[in-house]
Amino acid sequence: MKYKVTFLLDKSNLWFEKKLRNYNFKLSKKYSFKISKNPNTVKNQNIVFPISYIKILSEKFLKKNELVLVAHSSKLPKDKGFAPLQYQILKNKNKIYMSLIKAVKKVDAGPIYLQNYFYLEGTELSEQIRKIQGDQFLKIIKQFLIKFPKINPRNQKGRGNFNKRRYAKNSELNINKTIKQQFNHLRINDNEKYPSFFNFRGQKYIIKIFKN
């Protein structure tokens, strides 16, 4: 009998869907896979992976499924909460950790099943950063699926911090700082959804950044 696996995607945040649908885990003998965008229809699954899911899942949902796992782009318990990768880039970090944790009632507080890391060069822009992040999601999920069910979690240790949600207003640049000083800020801002901007003499100006 195959293990039932569902990937739960957020309707308002579907950047990962195409990458997921085109990916072959090569584990079809062990698992049956499906994708859902409605948590109300996800139940009695052996494993659920909410990917870039921005809503908090209820305890009822967690109890309806055997194991719910979240891939989080930080070395937990550091950088819990929203946009962990972007916040780390703003701190000039290029060594980025990925943690695969059990979803529990408290956000990003569950035990860790896997934790690894990757490097950024420091020149990637938003679209490329997201692509790399998606690749790392798939990598750590596949590592888990290969080991499951012979894999045990460990509790988080140490002090952590919680990042707030980022909004369009957080893309504002400081006109009194140089481009070099704000390059990481420019890198993480999405040219289409959340472009960089600044206000000057009563006007708002939009800045978009591309590689030549």
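Here are the numbers for the structure shown:
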item: Whole-Hz couplings from phi, Karplus 6.51/-1.76/1.60, listed for region 109-125; x for Gly and Pro; result: 10, x, x, 9, 8, 9, 8, 9, 8, 9, 10, 9, 7, x, 10, 5, 9
item: Cα gyration tensor category, rounded, prolate or oblate, for region 15-54 with a/c compared to 1.5; result: oblate
item: Share antiparallel - DSSP beta bridges, the chain, percent rounded to 5; result: 55
item: All Cα pairs of region 125-209, percent lying beyond 19 Å; result: 59
item: Rounded, prolate or oblate (a/c below 1.5 giving rounded, otherwise prolate when a/b exceeds b/c) for region 167-207 by Cα gyration tensor; result: oblate
item: Nearest-0.05 FRET efficiency for Phe200 and Asn116, computed from C-beta distance (R0 25 Å); result: 0.05
item: Order of Asp190, Asp135, Asp108 - criterion: other Cβ atoms within 10 Å of each residue's Cβ, fewest first; result: Asp135, Asp190, Asp108
item: Residue exposure sequence - Met98, Met1 - by fewest surrounding Cβ within 10 Å; result: Met1, Met98
item: For Val42, Val5, order by how many other beta-carbon atoms lie within 10 Å, fewest first; result: Val42, Val5
item: Whole-number percent relative contact order across region 167-207, with pairs defined as alpha carbons under 8 Å at least 6 apart; result: 40
item: Contour excess over end-to-end distance, with Cα ends at Leu27 and Ser12 and 0.36 nm allotted per residue; result: 2.5 nm
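A short reminder: the numbers here are calculations on the coordinates, not readings from a lab. Keep in mind the model is a prediction, meaning the values are calculated, not measured. Positions of Cβ are backbone-derived with ideal geometry, glycine not excepted, and every protein chain shown enters the neighbour counts.
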